[in-house]
Amino acid sequence: MDRTDIAEMDPLPADATEFVERKLEDEHGYLSWLNTSVETIERGRVVLSIPFDDKLTNADGQTIHGGVAATLIDTAGGVAQRTTFENPLGGGVATVNLDANYLRPATGDLRAEAEVVRAGGSIGVSEMTVTTAVDGAGGTDENDGEENRSEVVVGQGSFRLFRE
């Protein structure tokens with residue numbers, strides 16, 4: 001199924017959205033420690049965020065370690081694939097391949113958006129982009145409320161889909 005097929009699916013059930021939020025934000029040790037938040041979850045698309053924290057930086061104390069961004073794109077890409085399942089609470093997803101291209105240092109909150117390119121019977125492909133707040137804070141321009149973000153990582157992932 002491709003983007004057109006996914007767009008024609010029924011919306012995600014509320015219990016599926018709540019399940020993903022609880023799992024990522026509260027119950028997953030590593031993702032919870034990173035303070036991961038689910039901003040958007042819908043069929044074929046997921047947006048996750050991680051706030052800037054000194055514990056996540058490189059030795060310079062100013063730039064977020066690239067592994068944090070890689071975790072974010074991996075998780076977002078896999079969760080986006082899960083949204084294409086008839087029953088998003090069943091089955092599973094495992095990363096087969098992850099390609100991350102680092103464009104510039106991340107100096108603020110991170111936000112990852114993942115979209116499903118294709119979800120086949122056993123393999124799915126997602127495209128992911130991570131942005132960071134340019135001002136080193138939340139990413140919103142206080143004067144006009146517009147987001148002030150810059151791309152820091154673009155990537156693509158292939159995922160093994162275990163449909164029930």
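Ordering 90-101, 34-45, 63-74 by mean Cβ neighbour count within 10 Å, with the highest value first, yields 63-74, 34-45, 90-101.
With a probe of 1.4 Å, find how much accessible area the chain has per residue, and write the answer as a whole number in Å².
Numbers: 8260 Å² over 164 residues.
So the chain comes to 50 Å² accessible per residue, rounded to a whole number.
Phi angles across segment 40-51 convert, under the Karplus curve 6.51 cos²θ - 1.76 cosθ + 1.60 with θ = phi - 60°, into 3J(HN,Hα) values of 9, 9, 8, 4, x, 8, 9, 10, 10, 9, 9, x Hz, Gly and Pro given as x. Helix 66-82 and the longest principal axis of the C-alpha atoms of the chain enclose an angle of approximately 20°.
The overall shape of segment 59-98 is prolate: from the C-alpha gyration tensor, with semi-axes ordered a ≥ b ≥ c, the ratio a/c is 1.5 or greater and a/b exceeds b/c. Taking every alpha-carbon pair within the chain, the share separated by more than 21 Å comes to 45 percent. Simple point charges give the picture: +1 on the Cβ of Lys and Arg, -1 on the Cβ of Asp and Glu, and for the chain a dipole about the Cα centre of about 720 debye.
The values are calculated or read from the model by the stated rules, or taken from the named source; none is laboratory data. Being a predicted model, the structure only gives us computed values, none of them experimental. For neighbour counting, all protein chains shown are included, and Cβ atoms are generated from backbone atoms with ideal geometry for every residue, glycine included. Keep in mind that these areas ignore ligands, DNA and RNA; they rest on the heavy atoms of the full protein, side chains included. Shrake-Rupley method; radii C 1.70, N 1.55, O 1.52, S 1.80 Å.
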